[in-house]
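Some notes on the structure that comes next.
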Amino acid sequence: MRTTFLDWYQRLGGLGLRLLCLHLLWLAWTLRGGVVLGVFPATAALHGVLRKDARLAAANRDEAPAPAGLRAEFGALWRREFAAANRLGALLVLCWAFLVLDRRIVEHLDLGGLGPLLAGGLTVAGVWLGVITALVWPLQSHFDESARALLRRALILTAGRPATAALAGAGVGVMLGAYYLVPGLAPVFGLAAPAAVATTALWRSGVLAVPNDPDRPAAARLVEGSGAEGPRLA
């Protein structure tokens with residue numbers, strides 16, 4: 001029992017340190033792109049590293065690179081995904097802007113009894129878009145596709161695998177709630193912890209498994225069949 005406790009303690013410590021390193025790298029590469037052009041490639045790079053970690057964990061391999069190797073890996077992903085990630089980020093910003101604008105219009109117009117109904121619908125749409133935003137970046141790290149195709153995948157995932165989407169969204173929500181209750185966690189783990197939760201939830205569901213994986217659940221085809229390109233093999 002003591003050995004098991006120490007083993008889990010070391011694993012949690014290693015995980016916390018890795019998430020801290022990833023958060024710092026995310027900040028550094030976001031600033032390198034002038035924030036506006038750096039935040040989305042940094043987010044894509046973060047999820048790319050987490051995808052690799054999930055694949056190694058699923059194969060029971062412990063090959064996490066040293067900090068120097070991690071910096072190089074993160075930087076390579078940032079440069080590789082720069083254009084694609086910014087296109088995806090711009091599309092997400094447009095979706096959120098449209099939703100927020102609609103919300104403001106509903107709040108300031110006198111629509112009578114229709115107002116509360118529209119406001120409730122927009123609230124549901126906001127939650128749905130939040131889940132899609134949490135899902136689309138792990139999908140982007142796995143599937144080499146356009147921004148619109150990735151959003152379509154995320155939509156299909158929420159419709160075809162609602163339990164998986166809800167689990168990933170709830171996990172991210174719990175992390176954000178923990179940040180609210182313990183504000184000191186946010187500067188330490190930042191986006192890395194919620195991203196790790198979403199990636200782990202999708203990977204364990206089989207959604208992000210590669211096509212030749214013999215353990216891939218058949219239900220994963222609901223997502224894999226939604227685009228033309230297919231998953232990255234590395």
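The values are calculated or read from the model by the stated rules, or taken from the named source; none is laboratory data. These numbers come from a predicted model, not from an experiment. Neighbour counts run over all protein chains shown; Cβ positions are idealised from the backbone, glycine included. The area values use the complete protein model at the heavy-atom level, side chains included, leaving out ligands, DNA and RNA. Shrake-Rupley method; radii C 1.70, N 1.55, O 1.52, S 1.80 Å.
In table form, for the structure just shown:
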quantity	calculated
Residue pairs meeting the criteria (Cβ under 9 Å; at least 6 apart or on separate chains; first open to solvent by 90 Å² or more (accessible area, probe 1.4 Å), in the range 99-120; second in a loop (DSSP other than H, G, I, E, B))	LEU117/LEU111
Flag if ARG79 is open to solvent by 80 Å² or more (accessible area, probe 1.4 Å), on the phi < 0 side of the Ramachandran plot and under 21 Å from the mean Cα position of the chain (by Cα)	yes
GLY112 vs. criteria more than 14 Å from the chain's Cα centre (by Cα), part of a helix (DSSP H, G or I) and more than 20 Å from LEU94 (Cα to Cα)	no
Residue that is nearest to ALA149 (Cα to Cα), among those in the range 83-98 that are out of contact with any Phe, Trp or Tyr (no Cβ under 6 Å at 6 or more places or on another chain) and either of a type in the set (Phe, Trp, Tyr) or open to solvent by less than 40 Å² (accessible area, probe 1.4 Å) (or both)	LEU88
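Each row is one residue, and each column tells you yes or no for (1) part of a helix (DSSP H, G or I); (2) within 21 Å of VAL93 (Cβ to Cβ); (3) touching a strand residue (DSSP E or B) at 6+ places or on another chain (Cβ under 6 Å); (4) polar (S, T, N, Q).
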residue	(1), (2), (3), (4)
TRP128	yes, yes, no, no
THR133	yes, yes, no, yes
GLN140	yes, yes, no, yes
LEU150	yes, yes, no, no
ILE156	yes, no, no, no
ALA166	yes, no, no, no
VAL172	yes, yes, no, no
VAL188	yes, no, no, no
